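Chemist: I'd like to ask some things about the structure below.
No lab work stands behind these numbers, since they all come straight from the coordinates. Being a predicted model, the structure only gives us computed values, none of them experimental. Here the Cβ positions follow ideal geometry from the backbone for every residue, glycine too, while neighbour counts run over all protein chains shown.
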Amino acid sequence: MQRIVIIGSGQGGQQAAASLRQEGFSGEILMLGEEPGLPYQRPPLSKAYMANGDAGALLLKPAAFYERSAIMLRDGVRVTAIDRAARAVLTGDGARHAYDHLILATGARNARPPIPGLDAPGVVGLRSLADAERIRRRLAATRQAVVVGGGFIGLEFAAMARAAGVGVTVVEATPRLMARAVSPEMAAHFLDLHRAMGTELLLGVQAAGVLTGAAGHAAGVALADGREVAGDLVLMATGVRPNAELAEAAGLACANGILVDATLATADPAISALGDVAAFPGPLGAPLRLESVQAAVDHARHVARRLVHGDGRPYAAVPWFWSDQGKAKLQIAGLLSGADHSLALPQPDAAPVVLLFRQGRLAAVETVNAPGIHMAARRLIGAPQDSLRAHGYDLRAAVKAVSAA
Amino acid sequence: MKITFVAADGTRTQVQAREGDSVMHTAVQNDVDGIIGECGGSMMCATCHCYVDDGWTEAVGGQEEGESDLLDCAASEVRPTSRLSCQIRMRAELDGIVIHLPESQL
């Protein structure tokens, strides 16, 4: 294998390039990124970056890394097609790049719900550094913000905006916050937390459209129940869609992402997919698509080991997630999907620790500001409930017992 | 201010640091091998494990809450001088600090 092309310069694409070199790949590596500039971290965009505006601090690696690692990065380049028969990708500038192996790390983009007014000035999304810069510029002059979507991004922004003295209303279509990501117990805890920050939270109601003011600027959000929420900044935070169109156009199987096997290969042996765009076999058998730094990084390492060493082991890393909302660091180990039983352990003067079980085994653990319990949980996913009960559900004690055994 | 990183093979690299930046961040931004910082300093991993040089442990101070649990997951041996470098913020008293890097972070 002489030449590996990576489409996507997000954290997954960057890690794939870095891991290929770490594993000893000596051929050419070409990374094609649609966004301008060097690969950067997205998680701080809704957290530290909003507070400090330091874009340089977001870089995953300095320019010198790509030079010394002989990783060719073409930024600001859009891939228009994959020619699988000829093993080449075509870019918007008319160039054609041949590959021996192609890694699709195209990530995801913000979903746009089908409601009117999303093009009005003052309506923003938060996915890229350019988005975050735009929001930071506007925020100084914003008195009242409306956040559509009560997931991680919307709530991280809400906490940050409140800290900056901006009034915030969050509109969430489902009856609870972070419905896809956390248990009802943890959602309830965060509802209290955001209310205590002074954020207004409207649950179980859909946004019907963006209201505009005199100059066509966003003035708020109309709700499906007829109410109107005023705000001069509207953040649309209603989830993402995988960027699978290139793969689909090239005839690769896609269903909510690019379908890959347990080694993260597509049906074309010369093409792999990873990170937010990859739908891989999950622990419940169904294709699973994760939107996380963990998946991007662990997928990338897995693909690199397969390509360099022929390591055909199935991907089986424990998923983990985090979200910083104000002073609360929410950490999740494992997957909530399919959980049939939960146990909320109250903590003195703190958020509960929530354990979720599936068929008598630990499936996921949610903690707030308890990194030690989170780290223990990551090593205990899959453990029988009985073995944890024996330690009074003290996960740190349980993990020590496991390591000692 | 300056930080000297000493790799497991003894190679020394001196870099400039900014006050307020973490040792992890300084290493990553200066392309120092041996510090990964996968989670970006969110206390979600232990891939920025380092050993504070014996002459600097007092100035650096003790571990943050939860740090020892994360260090339990570190790939290399944990010693009394072990720290997560994302939790060490540069300040005037740490100018010139010497940080030893572990064999491996993964």
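Chemist: Treating only the Cβ atoms of Lys and Arg (+1) and Asp and Glu (-1) as charged, compute the dipole magnitude of region B:2-100 about its Cα centre; round to the nearest 20 debye. Spell out each step's value before the answer.
Modeler: On the way: 7 positive and 17 negative charges, 55 e Å.
Here region B:2-100 has a charge dipole of around 260 debye.
Chemist: Show that you can apply the helix-only estimate: for chain A, add -39,500 (n - 2.57) for every DSSP H stretch of four or more residues, divide by all residues, and state [θ] at 222 nm to the nearest 500. Before the final figure, lay out the partial values.
Modeler: On the way: 11 runs with 106 residues, N = 405.
Theoretical 222 nm ellipticity from helices: -7500 deg cm²/dmol.
Chemist: Could you state the orientation-averaged shadow area of the convex hull built on the Cα atoms of region A:327-404, in nm² to one decimal? Write down the numbers at each step before the final one.
Modeler: Details: hull surface 19.2 nm².
It is 4.8 nm².
Chemist: Starting from the Cα gyration tensor of chain A, take the square roots of the eigenvalues, sort them a ≥ b ≥ c, and report rounded, prolate or oblate (rounded when a/c is under 1.5, otherwise prolate if a/b is larger than b/c, else oblate). Working shown, then result.
Modeler: Values: a/c = 1.84, a/b = 1.13, b/c = 1.63.
In terms of gyration-tensor shape, oblate.
Chemist: Now, a different point. Suppose every K and R has +1 on its Cβ and every D and E has -1 on its Cβ; what is the size of the dipole of chain A about the Cα centre, in Debye to the nearest 20? Provide the component values of the computation, followed by the final result.
Modeler: Details: 39 positive and 35 negative charges, 117 e Å.
Here the size comes out at about 560 debye.
Chemist: Now for a different question. Arranged by the count of other C-beta atoms within 10 angstrom, fewest first, what order do A:Leu201, A:Leu104 take?
Modeler: Details: A:Leu201 19, A:Leu104 30.
Listing A:Leu201, A:Leu104 from fewest to most nearby Cβ atoms yields A:Leu201, A:Leu104.
Chemist: While we're here: On a straight-distance basis, which lysines could pair with A:Lys47 in a cross-link, Cα separation under 25 angstrom, same-chain partners fewer than 8 positions away excluded?
Modeler: Qualifying lysines at Cα under 25 Å: A:Lys61, A:Lys327, A:Lys329.
Chemist: Assuming R0 = 51 Å, can you tell me the calculated FRET efficiency for the pair B:Glu64 and A:Gln2, based on Cβ-Cβ distance, to the nearest 0.05? Write down the numbers at each step before the final one.
Modeler: Values: r = 47 Å, r/R0 = 0.91.
Working from the Cβ atoms, E equals 0.65.
Chemist: Go through B:Thr47, B:Gly20, B:Thr81 and say which Cα lies farthest out towards the positive end of the charge dipole of chain B; charges sit on Cβ, +1 for Lys and Arg, -1 for Asp and Glu.
Modeler: Farthest towards the positive pole: B:Gly20.
Chemist: Taking amide H positions as placed in the peptide plane 1.01 Å from N, state which residues far from A:Ala279 in sequence (5 or more) or on other chains have amide H under 5 Å from it.
Modeler: For A:Ala279, the qualifying residues are A:Ile258, A:Leu259, A:Val260.
Chemist: Moving on. What's the magnitude of the charge dipole for region A:273-333 around its Cα centre, counting Lys and Arg as +1 and Asp and Glu as -1 at the beta-carbon? Answer in Debye, nearest 20. Before the final figure, lay out the partial values.
Modeler: Working: 7 positive and 5 negative charges, 27 e Å.
I would put it at about 120 debye.
Chemist: How would A:Ser26, A:Ser323, A:Ser128, A:Ser272 line up from fewest to most surrounding beta-carbon atoms within 10 angstrom? Please list the in-between numbers first.
Modeler: On the way: A:Ser26 11, A:Ser323 24, A:Ser128 18, A:Ser272 29.
Ordered by Cβ neighbours within 10 Å, fewest first: A:Ser26, A:Ser128, A:Ser323, A:Ser272.
Chemist: So if R0 is 56 Å, what FRET efficiency would B:Asp54 and A:Ala85 give, r being the distance between their Cβ atoms, rounded to the nearest 0.05?
Modeler: Details: r = 62 Å, r/R0 = 1.11.
Once the sixth-power term is evaluated, E becomes 0.35.
Chemist: Follow-up question, since we're still on this one. Taking 0.36 nm per residue of separation and subtracting the Cα-Cα distance, what length does fully extending A:Asp75 through A:Ala188 add? Don't skip to the end; give the middle numbers.
Modeler: On the way: separation 113, 0.36 × 113 = 40.68 nm, distance 4.24 nm.
Fully extending the segment from A:Asp75 to A:Ala188 adds 36.4 nm.
Chemist: Here's a follow-up. Looking at chain A, identify the longest residue range that excludes and avoids all trypsin sites (Lys or Arg not before Pro) in DSSP loops having at most 11 other Cβ atoms within 10 Å.
Modeler: Details: sites that count: A:Arg143, A:Arg180, A:Lys327.
By the stated rule (loop sites, at most 11 other Cβ atoms within 10 Å), A:181-326.
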